[in-house]
Each structure stands twice: as C-alpha cells, then as structure tokens.
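Some notes on the structure that comes next.
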Amino acid sequence: MEHRARKRFGQNFLSDPNIIRKIVDAIRPQADDLVVEIGPGLGALTEPLLERLAHLHVVEIDRDLIARLHQRWSPERLTVHEGDALKFDFGALAADGRPLRVVGNLPYNISTPLLFHLAGFAERVGDMTFMLQKEVVMRMVAEPGSEEYGRLSVMLQYRFRMGRLFDVPPGAFRPAPKVTSSIVRMVPLPADALAAQDEALLGRVVAAAFGQRRKTLRNTLRDYLAEDDFAALGIDPGLRAERLAVADYVAIANHVARK
Ligand code: SAM
C-alpha cells in the first residue's frame with residue numbers, strides 16, 4: 001500500500017539509488033557493527049544496510065511505518081524501537097562494549113534538538129553519519145569568524161570532529177524537500193580533549209554569548225565575567241561571540257567554575 005508522507009514527522013524518503021549507495025558506502029558497515037538507524041521510514045537505507053550487517057537497530061515514531069518494518073524483517077535481523085528518537089536512550093544500546101554507530105536521514109524538523117540529545121551519548125559512540133539540511137551542516141562545521149559559526153558549532157565541535165562529505169539535491173527524495181541536503185560525519189573526540197569542568201555551565205555561557213551575537217562579550221557575559229576576568233583569560237571583552245574558539249569558551253567556563 002502507498003504511504004502518504006507525513007510532514008509533521010519530516011518525511012522525505014530517499015529514492016535515488018545512486019545517492020543511497022553513496023551514503024551506505026560512506027558509512028562502510030561491517031557485519032558485526034552495532035548500528036542504529038534513526039527514522040528508517042520505508043527502508044531506503046535500512047535495506048542496503050542489512051545487506052551488509054548481521055543485525056540493525058532502528059528508532060521510528062510513525063506507527064504505519066513501524067508495522068511495515070515488522071512485516072518486512074524478522075526480529076533476528078531488525079530490532080524496531082518504537083517511539084521518539086529525542087527521548088531514546090542510545091546509551092542502552094552500547095551496553096555490550098561495542099562502540100555505537102548512529103546513522104540516518106534525519107527528520108529535519110527536529111534536527112537541532114536531536115543533535116544536542118545525541119551529543120550526550122558521545123562517550124558510547126564510535127561515529128555518526130547523518131543526512132541533514134545543508135544549512136544545518138554548514139553551521140555544525142563552521143569555523144570562528146564565519147557567519148554560520150554559533151552555539152551549534154561550539155557545542156558539537158566541543159565533542160566531535162566533523163566533516164561534510166557531500167551534498168544531496170532535493171530531487172533525490174520523494175517528496176522533494178525545499179532545500180539542499182548534506183551528509184555529515186561526526187567522530188567523538190577523546191574524552192579528555194577539551195575538558196569543561198561543568199558542561200551545563202559551558203552550555204549556558206555559550207548560549208549567553210550567542211544569544212545577542214551583535215553585542216560584545218563584555219555585555220553578553222556580564223553575569224559571568226568582570227573586566228579583570230577577561231584580563232586573566234587574555235580575552236578582549238570588546239569582541240563578539242563569533243570570534244572565540246571552542247577552547248576559549250571552555251577556558252571561560254572553567255574560569256567561572258573556579259570563581
Ligand atoms: N530513512 C528514510 C529515507 O531515507 O527514505 C526516511 C527519512 S525521513 C527524512 C525521516 C524519518 O524519521 C521518517 O521515517 C519519520 O517517520 C521518522 N521520524 C520523524 N520524527 C521522528 C522522531 N521524533 N523519532 C523517530 N523517528 C522519527
């Protein structure tokens with residue numbers, strides 16, 4: 001039976017076989033990998049992934065699609081986790097010690113909160129490969145000084161090395177989205193790479209700095225830093241948020257934590 005794409009679940013199904021092959025080649029699934037696919041939909045990626053994997057986990061919210069997945073694959077091959085990926089405990093899947101590989105053509109309407117949710121499991125993750133709106137991927141990989149550099153860049157680059165692999169045009173999907181998409185790969189940095197003593201505080205500092213990105217740090221961070229704090233950190237309070245590197249934000253958060 002035809003499935004009518006549901007906008008509220010961000011459903012744009014991949015239909016271009018060359019693009020599908022390119023994505024699965026980029027993921028490079030090995031038979032015994034522990035892989036979870038977010039939003040399998042009609043199985044455009046699920047099927048070629050299962051050609052290479054012994055077993056796959058999927059997380060899907062749409063009941064109609066869940067029923068189709070159960071019909072098509074046995075539980076020995078495919079474990080279907082029914083529900084919202086934003087609330088899913090990805091850490092529980094990595095219980096046997098294998099690093100978790102997370103993949104998916106993500107629902108674009110929840111991409112930012114989903115990336116923040118997934119960042120919380122970085123320690124259990126081997127790598128993540130996602131399709132997202134190109135505009136979001138550009139923000140994820142943006143460097144200091146660029147217009148796209150913001151809270152998403154800092155909070156993800158704090159935990160992951162990221163790379164944009166290739167772009168995918170709207171015509172590769174049914175229905176076609178309005179925007180170009182990109183494939184992004186995320187690999188967690190070693191746990192001690194850039195240690196913030198209090199990660200929630202780091203999040204608050206970064207949110208405050210970028211909350212009013214046209215104002216200077218003297219203004220936006222006044223609840224956290226006085227002039228002598230800026231001096232001790234060697235950071236010019238006349239700068240704007242986009243000029244600071246991820247390491248600067250970690251240094252600020254650690255300075256505030258020690259005060
Ligand atoms: N992987 C399929 C493909 O490439 O053709 C479908 C991709 S479609 C862009 C996004 C998928 O995520 C849909 O199957 C949708 O039902 C599912 N989805 C949307 N919101 C979700 C959520 N909160 N949790 C889990 N899955 C969700």
**OP:** Keeping to region 148-176, report how many residues are in contact (Cβ under 8 Å) with a residue 60 or more places away in the chain and either assigned to a strand (DSSP E or B) or of a type in the set (D, E, K, R) (or both).
**Re:** 5
Original post:
Out of all the residues in region 62-81, which are near the ligand (Cβ under 9 Å from one of its atoms) and in contact with a helix residue (DSSP H, G or I) (Cβ under 6 Å, 6 or more places away or on another chain)?
Top reply: D62
Original post:
Does region 1-15 contain any residue that is more than 8 Å from the ligand (Cβ to nearest atom), farther than 18 Å from R185 by Cβ and at pLDDT 95 or above?
Top reply: no
Subject >> Residue pairs meeting the criteria (Cβ under 7 Å; at least 6 apart or on separate chains; first assigned by TED's automatic domain parsing to the domain that holds A172 and in contact (Cβ under 8 Å) with a residue 12 or more places away in the chain, in region 18-46; second away from the ligand (no atom under 13 Å from the Cβ) and in a helix (DSSP H, G or I)) >> reply: P29/R52; A31/R52; L34/L93; L34/A94; V36/L93; G43/R72
**OP:** Specify which of the listed residues (V24, V58) is more than 10 Å from the ligand (Cβ to nearest atom) and not in a loop (DSSP other than H, G, I, E, B).
**Re:** V24
Original post:
Is it fair to say F160 is more than 15 Å from the ligand (Cβ to nearest atom) and either buried (at least 21 other Cβ atoms within 10 Å of the Cβ) or modelled with pLDDT of 95 or more (or both)?
Top reply: yes
Original post:
Across region 111-157, what is the total count of residues that are over 30 Å from A176 (Cβ atoms), of a type in the set (G, A, S) and buried (at least 16 other Cβ atoms within 10 Å of the Cβ)?
Top reply: 1
Original post:
In the set R4, R68, R8, which member is over 21 Å from the mean Cα position of the chain (by Cα), part of a helix (DSSP H, G or I) and among the charged types (D, E, K, R)?
Top reply: R68
**OP:** For I19, state whether it is within 17 Å of the chain's Cα centre (by Cα) and modelled with pLDDT of 95 or more.
**Re:** no
**OP:** Give the residues of region 27-78 that are of a type in the set (S, T, N, Q) and surrounded by 15 or more Cβ atoms within 10 Å (Cβ to Cβ), sorted by residue number.
**Re:** T46
Subject >> Candidate set from region 200-227 (those that are without any contact (Cβ under 8 Å) to a residue 24 or more places away in the chain and assigned to a helix (DSSP H, G or I)); member that is surrounded by the most Cβ atoms within 10 Å (Cβ to Cβ) >> reply: T220
**OP:** Tell me, yes or no, whether region 128-142 has at least one residue that is without any contact (Cβ under 8 Å) to a residue 24 or more places away in the chain, farther than 15 Å from P188 by Cβ, among the basic types (K, R) and touching a helix residue (DSSP H, G or I) at 6+ places or on another chain (Cβ under 9 Å).
**Re:** yes
Original post:
Among all residue pairs at least 6 apart or on different chains, which show Cβ distances below 8 Å where the first residue, located in region 228-252, is closer than 13 Å to V206 by Cβ and assigned by TED's automatic domain parsing to the domain that holds A207 and the second is exposed (fewer than 14 other Cβ atoms within 10 Å of the Cβ) and of a type in the set (S, T, Y)?
Top reply: E242/S146
Original post:
What residue, among those in region 104-127 that are over 19 Å from R139 (Cβ atoms) and in contact with a helix residue (DSSP H, G or I) (Cβ under 7 Å, 6 or more places away or on another chain), is farthest from the ligand (Cβ to nearest atom)?
Top reply: R124
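The values are calculated or read from the model by the stated rules, or taken from the named source; none is laboratory data. Keep in mind that this is a model prediction, so the values were computed, not measured. Every residue, glycine among them, receives a Cβ derived from its backbone with ideal geometry; neighbour counts consider all protein chains shown.
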